[in-house]
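Heads up: the structure comes next, in structure tokens.
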Amino acid sequence: MSSGFSLIEILVVLTISFTVLTVVITNITEGISVSNKVTSKQQVLESLFFTVDTIKSDLTKCGMRLQEAKKYFDLPLFNHSENSFKTTYGVASEFIKEDAFCDEESVKTGKNLFFKKGEKVLIYNLEEHKYELNQIKNVKGSSVILKEGLKNDYIHGSTAVILKESEFKLYKNQNILKRKTGKGYFQPLIEKVTDFYITYFPDANSVLYRIEVNNKEQVRGYIFLTNMVE
């Protein structure tokens, strides 16, 4: 009676074991590959939806707090090219409390956290049909120190609005859509962008946009610039 395995039996067992192991490894590899593809596609879709939400949010804010001034003044609230666009909107406003005169470099307003160094400011008076863009150099109490002297006289009750800008731009050589807000730098928003275009319809105050990623996933949107409607 034999107490061990023959060489042939050992070879058969090893062959079967290697075959089973090969099948298992192949299945695991294919599973990992499929999982990576699913994860990658999910990440692309998440980035795409986040980008669309950001675009919609910025377009919706375009002209906010500036509806009154836009009726009387030619303000550049929306600029665009085929692959980029920029929106301008107001984030806070205050009335001027004391008369301010041409060439003066300060105005007195109510205290407001948004009125701070470096911010762009629109100063206007509807009754006298005067307006100008400036920048805040500093804030001391209720005095807003301006970077440049005033170009007009403004009586008390005139309005000062803090402006913000948001800009989107497709970098074609990198296939990256980037966004910049205020005084910041362009930051990547979504990669592998194979197409991005903007069409503006001034008569309807509306924007049509399209984003394409990896020559596959596409999103189109049509948004009314509600704050631009007169």
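For region 171-200, run through the trypsin sites (Lys or Arg not before Pro) and keep only the ones in DSSP coil with at most 15 other Cβ atoms within 10 Å of their Cβ. Walk me through the numbers on the way to the answer.
Details: sites: LYS172, LYS178, ARG179, LYS180, LYS183, LYS192; in loops: LYS172, LYS183, LYS192.
Sparse-neighbourhood loop trypsin sites (Lys or Arg not before Pro): LYS172, LYS183.
At a Cα cut-off below 16 Å, give the lysines reachable from LYS130, other chains included and same-chain residues fewer than 8 away excluded.
Partners within reach: LYS70, LYS71, LYS151.
Roughly what would the spin-label model give for LEU113 and GLU128, points 7 Å off Cα along C-beta, in nm?
The two pseudo-label positions are separated by 3.3 nm.
Out of the trypsin sites (Lys or Arg not before Pro) in region 83-155, which ones are loop residues according to DSSP with at most 15 other C-beta atoms within 10 Å? Intermediate results must be reported in sequence, preceding the final value.
Details: sites: LYS86, LYS97, LYS108, LYS111, LYS116, LYS117, LYS120, LYS130, LYS137, LYS140, LYS147, LYS151; in loops: LYS97, LYS111, LYS116, LYS117, LYS147, LYS151.
Counting only loop positions with at most 15 other Cβ atoms within 10 Å, the trypsin sites (Lys or Arg not before Pro) in region 83-155 are LYS97, LYS111, LYS116, LYS117, LYS147, LYS151.
Take region 102-230, drop everything but the C-alpha atoms, weight them equally and run the Debye formula without solvent; then report log10 I(q)/I(0) at 0.12 Å⁻¹ to two decimals.
Normalising to I(0) and taking log10 leaves -0.68.
At 0.36 nm per residue, and after removing the present C-alpha to C-alpha distance, how many nm does the segment from ASP99 to ASN83 gain when stretched out fully?
Details: separation 16, 0.36 × 16 = 5.76 nm, distance 4.38 nm.
My answer for the length gained is 1.4 nm.
Which of the pairs LYS56/LYS111; LYS147/LYS178; LYS61/LYS97; LYS56/LYS192; LYS61/LYS137; LYS116/LYS169 have their Cα atoms more than 23 Å apart in this structure? Could you put the intermediate results ahead of the total?
Details: LYS56/LYS111 31 Å; LYS147/LYS178 29 Å; LYS61/LYS97 28 Å; LYS56/LYS192 20 Å; LYS61/LYS137 26 Å; LYS116/LYS169 27 Å.
As for pairs spanning more than 23 Å Cα to Cα, those are LYS56/LYS111; LYS147/LYS178; LYS61/LYS97; LYS61/LYS137; LYS116/LYS169.
Would you mind calculating the gained length between GLU148 and ALA92 on full extension (0.36 nm times residue separation, minus the Cα-Cα distance), in nm to one decimal?
On the way: separation 56, 0.36 × 56 = 20.16 nm, distance 2.05 nm.
Separation in residues times 0.36 nm, less the Cα-Cα distance, equals 18.1 nm.
Could you give the dipole magnitude of region 138-230 about its Cα centre, charging the beta-carbon of Lys and Arg +1 and that of Asp and Glu -1, in debye to the nearest 20? Don't skip to the answer; put the middle values down first.
Values: 14 positive and 10 negative charges, 88 e Å.
That gives region 138-230 a dipole magnitude of about 420 debye.
Modelled label-to-label distance, SER57 and THR199, 7 Å Cα→beta-carbon offset: nm?
Rounded to a tenth, the inter-label distance reads 2.8 nm.
Read-outs: derived from the displayed coordinates by stated rules, not from any lab. What you are looking at is a predicted structure, and each value in this text was computed from that prediction instead of being measured. Neighbour counts are summed over all protein chains in view; Cβ atoms, including those assigned to glycine, are modelled from backbone coordinates with ideal geometry.
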